[in-house]
Amino acid sequence: MILLARHGRTAYNDEGRFQGRGPVPLDAHGRTEAFALADAVVARGDVTRMVASPLTRAMETAAIVASRLGLAPEVDPRLAETDTGDWTDRTYADVIATDGQDAYDRFRALEPAFGAPGGETFADQLARVVPAIEDAREAEGPGDVTLVVCHGNVIRLLLGHFKGAQPTHEAVANVHLEAL
């Protein structure tokens, strides 16, 4: 079984800013959230493997959880967040002001053909994240439960692909835990 968890909060989350693949660390609240996620995962008592995105915020979250589980997370670069190209480091309000509400809405809706200028399309992102999860499933032994620590858009795309969930404009909450 695969469990998906989003990383803890960052200053960029709090500021309404595109993080993309930047080296954005957890803020103090995000570290507290990561410890709460660790408590929830330990309480489940069934996680036997961990896989994480290589981005700073996901690795910090994974390290906190892994320290409580006595596991070493495997790193899979295919689980990195959307490459937001020229929008990286910009606020949502700034992008709306310069690129328009429609472009922002297409991004939030994970429209497959859409990509931020200089970034990747959601179709391209889906084509890399699905095989990462399929490989994680194949690596599981009987009874294994794999915790995948990654990002909001990754989780939204995977839920759409594997569960048929329609993407909404709603973000995945930090440290949200979802069975796939």
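Each reported figure results from applying straightforward, stated rules to the coordinates on display, with no laboratory input. The shown structure was predicted, so the numbers you read here are calculated from the model rather than taken from an experiment. Glycine also receives a Cβ, built like all others from the backbone with ideal geometry; neighbour counts cover every protein chain displayed.
Computed quantities for the displayed model
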{"quantity": "Summed side-chain charge close to Thr91 - residues other than Thr91 whose Cβ falls under 13 Å, Lys, Arg +1, Asp, Glu -1", "calculated": "-3"}
{"quantity": "Net charge of neighbours whose Cβ lies under 10 Å from the Cβ of Gly115, counting Lys and Arg as +1 and Asp and Glu as -1", "calculated": "-3"}
{"quantity": "Protection proxy ranking, peptides 85-93, 37-45, average beta carbon neighbours within 10 Å, highest first", "calculated": "85-93, 37-45"}
{"quantity": "Against the rule of thumb 2.2 N^0.38 Å, how large the Cα Rg of the chain comes out", "calculated": "0.99"}
{"quantity": "As computed over segment 27-98, the Cα convex hull volume per residue (Å³)", "calculated": "108"}
{"quantity": "Degrees separating the helix 152-163 axis from the principal Cα axis of the chain, which is the longest one", "calculated": "70"}
{"quantity": "Neighbourhood charge, 12 Å Cβ-Cβ cut-off, centred on Ala36 and excluding it, Lys, Arg +1 and Asp, Glu -1", "calculated": "+1"}
{"quantity": "Alpha-carbon centroids, segment 1-65 and segment 101-130: separation in whole Å", "calculated": "22"}
